[in-house]
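Trainee: Can you keep this structure in mind? I'll have questions shortly.
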Amino acid sequence: AGSRVFYLDESEYLVIISGAQLTYLIADRWSADAHVRHDWNRPGRGPGDREQWGVGYGGSVAYYLEDAWRLGLSWDGGNRHQDGRDLSDQQFSLGVIYRISGSLDVSGVVDPVRMMRATP
């Protein structure tokens, strides 16, 4: 989770951005995550300046078929208020992902890391 605030004194421009993400590994083969983000800004003190804000959210679930293959389903959405209009979007994805290496292995720096235990 995190938050940032930006303020420019001379133009009174203010931006606030906040967000959080939660990731959970379920057993040896499942993982899930969820995220949310919010931003708000006040452009300044000009006659045409308007307040703007946005909210983004989503989540995903993945099943690891084996170390390099993963089946995933994700959803992302958001709402935005900009220039006096409200906009909304949603996106769903289903896919099969193949990682070429199948593991993280950096010789001499870290020990090999594998998603699942190797079977003899």
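The values are calculated or read from the model by the stated rules, or taken from the named source; none is laboratory data. No experiment lies behind these values; they were computed from the predicted model shown. Cβ coordinates were reconstructed from backbone atoms using ideal geometry, including for glycine residues, and neighbour counts include every protein chain displayed.
Trainee: Looking at segment 66-95, I want the residues that are acidic (Asp, Glu) and have a partner that is assigned to a strand (DSSP E or B) with Cβ atoms under 6 Å, at least 6 apart or on another chain. Which pairs are those?
Mentor: Pairs found: 76/58; 76/91; 89/78.
Trainee: Still on this model: Kindly indicate whether residue 31 is more than 18 Å from the chain's Cα centre (by Cα), farther than 24 Å from residue 87 by Cβ and of a type in the set (Gly, Ala, Ser).
Mentor: Working: more than 18 Å from the chain's Cα centre (by Cα): no; farther than 24 Å from residue 87 by Cβ: yes; of a type in the set (Gly, Ala, Ser): yes.
No: the conditions fail for residue 31.
Trainee: While we're here: Return a yes/no flag: does segment 4-15 have any residue that is surrounded by 15 or more Cβ atoms within 10 Å (Cβ to Cβ), at pLDDT 90 or above and outside any loop (DSSP other than H, G, I, E, B). So that I can check it myself, show each step before the final result.
Mentor: Of segment 4-15, the ones surrounded by 15 or more Cβ atoms within 10 Å (Cβ to Cβ) are 13-15.
From what's left, at pLDDT 90 or above: none.
No, because not a single residue in segment 4-15 is surrounded by 15 or more Cβ atoms within 10 Å (Cβ to Cβ), at pLDDT 90 or above and outside any loop (DSSP other than H, G, I, E, B).
Trainee: Then there's this: Anything in segment 9-31 that is under 25 Å from residue 75 (Cβ atoms) and aliphatic (A, V, I, L, M)? List them, or say none.
Mentor: Within segment 9-31, 17, 20, 22, 25, 26, 27 meet the criteria.
Trainee: Please find, within segment 80-102, the residue that is modelled with the lowest pLDDT out of those that are closer than 27 Å to residue 66 by Cβ and exposed (fewer than 12 other Cβ atoms within 10 Å of the Cβ). Show your work before the answer.
Mentor: Initially, segment 80-102 is screened for residues closer than 27 Å to residue 66 by Cβ, giving 92-102.
Cutting the leftovers down to exposed (fewer than 12 other Cβ atoms within 10 Å of the Cβ) gives us 92-96, 98, 100-101.
Details: 92: 96, 93: 96, 94: 96, 95: 95, 96: 92, 98: 83, 100: 71, 101: 60.
Within segment 80-102, the match that is modelled with the lowest pLDDT is 101.
Trainee: Right, something else. Of the numbered conditions (1) modelled with pLDDT of 55 or more; (2) assigned to a loop (DSSP other than H, G, I, E, B); (3) β-branched (Val, Ile, Thr), residue 110 satisfies every one except a single condition; which is it?
Mentor: Looking at each condition in turn, residue 110 falls short on (1).
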